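What follows is calculated from the coordinates using simple rules that are stated; it is not laboratory data. All of these numbers come straight from a predicted model, not from anything done at the bench. Cβ: placed from backbone, ideal geometry, glycine included. Neighbour counts: every protein chain shown.
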Amino acid sequence: MTTLLQLDASPRGPRSHTRALTEDFVGRWVRQRPEVTVTYRDLGVAPPPHLTEDWIAAAFTEPARRTPRMRADLATSDALVDELIGADVLVLGVPMYNFGIPAMLKAYIDQIVRVGRTFGFDAEAENPYTPLLPAGKRAFVIVSTGDSGYQADGPLTALNQVEPYLRTVLGFIGIDELEFVYVGNDEFGGDRLSESLAAAHDRVAELAA
Ligand SMILES: Cc1cc2nc3c(=O)[nH]c(=O)nc-3n(C[C@H](O)[C@H](O)[C@H](O)COP(=O)(O)O)c2cc1C
């Protein structure tokens, strides 16, 4: 049995393009693979908490030395990490906010990038960092933007802090098989938006097949 983890990071409801596209992707994926279990997390509406001093102290204390209070401080993070470890396929809906990812998704990432759980650290090693997630996970990332041309070799690619950041941080913990789908022109509307949406849904259909 395989598990798909769907993460939506837009705070918008029916007006969200990323939500429409992740729903399209997951619907197609599951229709073609009825054995797949879907886990859904709405980061846009219910983001995980930001990190605290207590969380940081707990995360960087060896597990055997953690107090019950420290374990409680890490409970949300541990649950999110367990969920991620159990997922074979990730589908992320990511609005571009101020050229980067929305804070709701960053709050999630801060909870799941964990020393000893999703990456290893060895100060003596030539390369101190090791990804710890089980190999073979795939991630499909749907990005929506108000302008357009942020994708590789587009005119605004240098401004895109979404794709390089997600490739870096997800690769750091062991997810390096990523596909990005872009929808653009939300700010312009009209044909420019509808053509971009149609192309994104076509790409979703290809990737989900
Ligand atoms: C706070 C905020 C910041 C945004 N920043 C950018 C930006 O830097 N570049 C851009 O092209 N669009 C930007 N947009 C437009 C969104 O990326 C666009 O509306 C996108 O469709 C949002 O995703 P959604 O439709 O899933 O909600 C911004 C929108 C908001 C609300």
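Observations on the structure shown:
- Residues whose amide H comes within less than 5 Å of that of residue 38, counting only those at least five positions distant or on another chain, are 4 (H built at 1.01 Å from N in the peptide plane).
- For region 9-29 versus region 82-112, the spacing of their alpha-carbon centroids is 14 Å.
- Across all Cα pairs in region 1-155, the calculated P(r) in 10 Å bins from zero up to the longest distance comes to 10, 33, 33, 19, 5, 0 percent per bin.
- Antiparallel %, DSSP beta bridges [both residues in the chain], to 5: 15
- Using just its DSSP H runs of length 4 or more, each adding -39500 (n - 2.57), the chain gives a mean residue ellipticity at 222 nm of -11500 deg cm²/dmol after division by all residues.
- Taking 0.36 nm per residue of sequence separation and removing the Cα-Cα distance, the residue 206/residue 35 pair yields an extension gain of 59.6 nm.
- Efficiency of FRET from Cβ geometry, residue 67 and residue 179, R₀ 45 Å, rounded to 0.05: 0.60
- Alpha carbon centroid spacing (whole Å) that separates region 124-197 from region 44-75: 28
- Across region 174-209, the residues whose backbone nitrogen lies under 12 Å from the label position 7 Å along the beta-carbon direction of residue 24 are 181-184, 194-208.
- At least 24 Å along the helix axis (C-alpha) and Kyte average at least -1.0, DSSP helices within the chain: 190-208
- Computed over the chain with a Gaussian network model linking Cα atoms closer than 10 Å, the most mobile of 85, 142, 112 is 85.
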